[in-house]
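The values are calculated or read from the model by the stated rules, or taken from the named source; none is laboratory data. From a predicted model like this one, the values you see are computed outputs, not experimental measurements. Every residue, glycine among them, receives a Cβ derived from its backbone with ideal geometry; neighbour counts consider all protein chains shown. Remember, those area values only see protein heavy atoms, side chains included, never the ligands or the DNA or RNA. Shrake-Rupley method; radii C 1.70, N 1.55, O 1.52, S 1.80 Å.
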Amino acid sequence: MSKWIKQTISVLIAAALLVPSGWFVRDLKTSAAESEDTVTVYHETFANGKGDAAQSGGASLTAVTDKVFDGNADGAAIYVSNRANNWDAADFKFADIGLENGKTYTVNLTGYVDTDVNVPSGAQAFLQTVNSYGWLAGADFAAGSAFTLTKEFTVDTGKDSALRVQSNDTGATVPFYIGDILITEKATSGGGEEPPRDPALPFTTITFENQSAGGFEGRSGSEMLTVTDEANHTEGGAYALKVEGRTSTWHGPSLRVEQYVDQGSEYKISAWVKLIEPVSSQIQLSTQIGNGSSANYVTLSPKTIAVGDGWVPFEGTYRYNSVGGEYLTIYVESSNNATASFYIDDIRFENTGSGQIDIQRDLTPIKTAYQNDFLIGNAITAEDLEGVRLELLTMHHNVATAGNAMKPDALQPTKGNFTFAGADAMVDKVLAEGMQMHGHVLVWHQQSPAWLNTTTDAEGSTIPLGREEALGNLRTHIQTVMEHFGDKVISWDVVNEAMSDNPSNPADWEASLRKSPWYNAIGPDYLEQAFLAAREVLDDHPEWDIKLYYNDYNEDNQNKAQAIYNMVKAINDKYALTHPGKLLIDGVGMQGHYSINTNPENVKLSLEKFISLGVEVSITELDIQAGSNYELSEKLANAQGYLYAQLMDIFREHAAHIKRVTFWGLDDGSSWRSANNPLLFDKNLQAKPAYYGVIDPVKFKEEHQPDVSDANQSTAVYGTPVVDGTVDSVWSQAPEMPINRYQTAWQGATGVAKALWDDDNLYVLIQVSDAQLDKSSANVWEQDSIEIFLDENNAKTTFYQADDGQFRVNFDNESSFNPEGIAEGFVSAAKVSGTNYTVEVKIPLKTVTPDNDIKFGFDAQINDAKDGTRQSVAAWNDTTGNGYQDPSVFGILTLTGKPSGPDDNSGNNGHGGKDHNGKGNNGKGNNNGNGNSGNNGNNNGNNGNNGNHGNNKK
């Protein structure tokens, strides 16, 4: 039996004299411990059953009356059993137990573990908040012993809705009892002020020399983490942590660090990583702020490394303006390889000493500058709803989009199990701050649980779900979610990213659709069915003013824009036949994930095309990549500001048809594209030139002229390898060229290139790190492949001359050329290792006599395919995607290292014979990328779950 009691202890005792004997006994079991200046807000003894305890996960909660232990003299308790996961637990919802937002409480809980329970070493009981999963207290589990959890905390209903009594991962299977839970409040507590956090504890470098994991746990719980002497980085040491058994890209070792953080301070995080397998892989050091659906995931240091690199340092900085409801982690993962294994060692977490920051309060709010034009929005996580970040958000914006919290996997992870708490807290906080909310997203092929549209056959293979069952799942999810949030949102992205990239025949919009799991299960009409399901909800609620959107990326590609136009027009025209004068699709969302090389005229063409449909348009996820490796020069910053100014001018000219312009993130430091500095505010929340380009486009364009003429430069070293797909020692002389400039919103496969040369040929080696290999598309540019672009005279013309060429080789060593005539003499070899591959090529030099200091126009590109379509394009230099027709976008490769005389052999350590064992693939057809038949660029991509678009949920 539970009670909400708001009187002081003296009043309780007085009241006890006026009621029948024994009525208060069970609720006063531990009241003697209270002081006279506290108020009992909630006290549960479980004498009359489970009370307000609610099941979490798969746990079973059973009331018992005979479990006497220290602190539980009456024997009444609940038994928390059937546990397989740390979250199989007992929840106490704030609303049920009378806890109020902003108020500070102290919780005291007693529990017990039976004597016959096998308790793993390190198993602990945890007290946490839900949904931010902020850790409050912990105590060791021990068979036959009681435990106590005690903590003072402040309720923040913007992040949390309940207390949870659970365990750590190690104690996931341990059953336990809860005998008593008492929550008190200081009698003088008025709420609103959070108690000061304890000062950050000093962090000791984790070297694993004590042969413990140092607090690291697997993010999924299924990884195998082993302290081993197989490898070591620590000077004078012998051990490292081995990470294996990963089965998803987000799996890896994770360390809780909130206790080492002073809120508002910046920290430098570093680790050393040594790859075990495959031969090469992308690895990244990241940090997580908060937990649950509203958490933020930030990449600090991404690199592609090879086994031969040995120990590689990873280092980044992050300012923890939020402590994530007391849940902060650092972790190591691979964004594109689900099974990569590696060692980590020498982890450091150091305060940079920069201290707390404040926002610039004298700036013109962006929402004010455009108050007569359209709403100004931002994408948010829970991190953005407190402190200085909340101040920046509300100062400049009047509408918000949830980065992850309203996506299908966040709201219905298993069939019929709707988990709204995190999203509810976010939406309520946004509305309480006087902002509006946009709903994102109901139907998407990413971040959606597989059960919605797939199943497994008798052999265990994944196959599409039957049409009727998948359609039922689609309709149920849409309608349940929309009914739940009601008119708290102004619009919904009903379907997201359904169109394939750069379709060759946009007139046939159905054939242009991405062959997603929804398409495979239901058919091309799944879009129409989704909007019909959403419209039914709105028809039942004519009092709601909610718009239904189709949302997509790379919409500045004119083929894709035309396919989207044709799709919306066809569906709306069909609907109008039975609903005259009404739209089924109310709006088109142009995501706007651009780079500084985006042509604003293409954006304008697409915008006007969509406006001509008679629908509402919104710019939904705007950011502009500039710079790389977290660095942004003044010139590139101004170029970024200039493009922002150009775009905002275009949007203002069409303001009558635009509902909102939403930026995808508050600042560079927390962006899903943080390495490319895409937003208006830097990692310290200070305005960049991009802000000033947005706030006054005309003035900014008058004062700045963009100059982005600098191209990447590298060298090719004199030497002759054997072209067989094996990395010969001669390649060690050549510098690496990172292939990490993305032409697409989705950042997929990446790699490195190296170049050698001799008196007749240019040799190129490209090592690719990929998550899957796919060549199912008939279009060779939509297969997993590499491309090499060469301009022998480096003339930088905007059109191909006789010395210019494009060479493509897929992971199966199948080649194609633009133009076809350059195939003669070309030799290539490819070797696959898991989902990674290496390509080695020989390109005959036909128009120049190579020598030291000769400069070539050069670029290298990686095409990343999945399910028959190209989802990502990365290049060494070009971000425009126009390399197939415009050599001016190439980087520069300078020839070096040829011996100056007959006795100087320092430059050529290659093998004597040329090209033996190589496979010549001469002229397997062109698909140069000209026109619709093979456009190798045009910003094709996929906004997905890696990075922090949607903050890469895991």
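Each row is one residue, and each column tells you yes or no for (1) open to solvent by 40 Å² or more (accessible area, probe 1.4 Å); (2) assigned to a strand (DSSP E or B); (3) closer than 27 Å to Lys103 by Cβ; (4) without any contact (Cβ under 8 Å) to a residue 12 or more places away in the chain.
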| residue | (1), (2), (3), (4) |
| --- | --- |
| Val39 | no, yes, yes, no |
| Lys50 | yes, no, yes, no |
| Gln55 | yes, yes, yes, no |
| Gly58 | no, no, no, no |
| Asp66 | yes, no, no, yes |
| Ile78 | no, yes, yes, no |
| Ala84 | yes, no, no, no |
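Only residues that are crowded, with 18+ Cβ neighbours inside 10 Å and either under 22 Å from Ala84 (Cα atoms) or not hydroxyl-bearing (Ser, Thr, Tyr) (or both) were counted across the stretch 204-213, and they come to 2. The criterion of at least 3 residues that are at pLDDT 95 or above is met by the following strands (runs of 3 or more DSSP E) wholly inside the stretch 418-489: 436-443. Could you tell me whether Pro706 is touching a Phe, Trp or Tyr at 6+ places or on another chain (Cβ under 8 Å), modelled with pLDDT under 95 and open to solvent by 50 Å² or more (accessible area, probe 1.4 Å)? Criteria met by Pro706. The sole residue among Ala645, Ala690, Ala656 that is of a type in the set (Gly, Ala, Ser), modelled with pLDDT of 95 or more, open to solvent by 10 Å² or more (accessible area, probe 1.4 Å) and closer than 22 Å to Ser606 by Cβ is Ala656.
If you check Trp757, Trp746 for being at pLDDT below 95 and either closer than 26 Å to Ile376 by Cα or buried (at least 24 other Cβ atoms within 10 Å of the Cβ) (or both), only one passes: Trp746. Every condition in (1) among the aliphatic types (A, V, I, L, M); (2) closer than 21 Å to His43 by Cα; (3) open to solvent by 20 Å² or more (accessible area, probe 1.4 Å) holds for Ala143 except the one numbered (2). Regarding the stretch 772-780, can at least one residue be identified that is under 13 Å from Val839 (Cβ atoms), touching a residue at least 40 places away in the same chain (Cβ under 8 Å) and in a strand (DSSP E or B)? Looking for residues that are under 13 Å from Val839 (Cβ atoms), touching a residue at least 40 places away in the same chain (Cβ under 8 Å) and in a strand (DSSP E or B), one finds none in the stretch 772-780, hence no.
Determine if the stretch 186-206 includes at least one residue that is in contact with a strand residue (DSSP E or B) (Cβ under 8 Å, 6 or more places away or on another chain), of a type outside the set (A, V, I, L, M) and modelled with pLDDT of 95 or more. Looking through the stretch 186-206, at least one residue is in contact with a strand residue (DSSP E or B) (Cβ under 8 Å, 6 or more places away or on another chain), of a type outside the set (A, V, I, L, M) and modelled with pLDDT of 95 or more. Each residue in the stretch 247-270 was checked for being hydrophobic (A, V, I, L, M, F, W, C) and closer than 30 Å to Val839 by Cα, and 1 of them qualify. Total residues in the stretch 301-322 satisfying the condition of being touching a residue at least 60 places away in the same chain (Cβ under 8 Å) and either open to solvent by less than 10 Å² (accessible area, probe 1.4 Å) or in a strand (DSSP E or B) (or both): the figure is 9.
Return the residues of the stretch 474-515 that are farther than 20 Å from Ser606 by Cα, open to solvent by 10 Å² or more (accessible area, probe 1.4 Å) and among the polar types (S, T, N, Q); say none if nothing qualifies. Within the stretch 474-515, Thr476, Gln479, Thr480 qualify. Does Thr797 satisfy the condition of being assigned to a loop (DSSP other than H, G, I, E, B), buried (at least 22 other Cβ atoms within 10 Å of the Cβ) and polar (S, T, N, Q)? No; evaluated as a whole, the condition is false for this residue. Tallying residues that are more than 15 Å from His43 (Cβ to Cβ) and either aliphatic (A, V, I, L, M) or open to solvent by 30 Å² or more (accessible area, probe 1.4 Å) (or both) within the stretch 94-111 yields 4.
Exactly one residue out of Lys569, Lys635 is touching a residue at least 24 places away in the same chain (Cβ under 8 Å) and over 26 Å from Gly472 (Cα atoms): that is Lys635.
Condition test on Asp878, is it buried (at least 17 other Cβ atoms within 10 Å of the Cβ), modelled with pLDDT under 95 and under 25 Å from Ala306 (Cα atoms)? Here the answer is yes, as Asp878 does meet what is asked.
Return the pair list, or none, for Cβ contacts closer than 6 Å from residues in the stretch 383-403 that are within 18 Å of Gly325 (Cα to Cα) to residues that are of a type in the set (S, T, N, Q), at least 6 apart or on different chains. Close Cβ pairs (under 6 Å, with a partner that is of a type in the set (S, T, N, Q)) amount to Glu383/Asn296; Glu383/Ser322; Glu386/Ser322; Gly387/Asn321; Val388/Asn321; Arg389/Asn321; Gly403/Thr381; Gly403/Asn951. Can you confirm whether the stretch 552-565 contains a residue that is open to solvent by less than 60 Å² (accessible area, probe 1.4 Å) and farther than 25 Å from Val661 by Cβ? No. Among the residues of the stretch 140-169, the one identified as under 20 Å from Ser121 (Cβ atoms) and modelled with pLDDT under 90 is Asp169. When only residues in the stretch 826-855 that are under 14 Å from Asp758 (Cα atoms) and either hydrophobic (A, V, I, L, M, F, W, C) or in contact with a His (Cβ under 6 Å, 6 or more places away or on another chain) (or both) count, which is most open to solvent (accessible area, probe 1.4 Å)? Looking at residues that are under 14 Å from Asp758 (Cα atoms) and either hydrophobic (A, V, I, L, M, F, W, C) or in contact with a His (Cβ under 6 Å, 6 or more places away or on another chain) (or both), I get Ile854.
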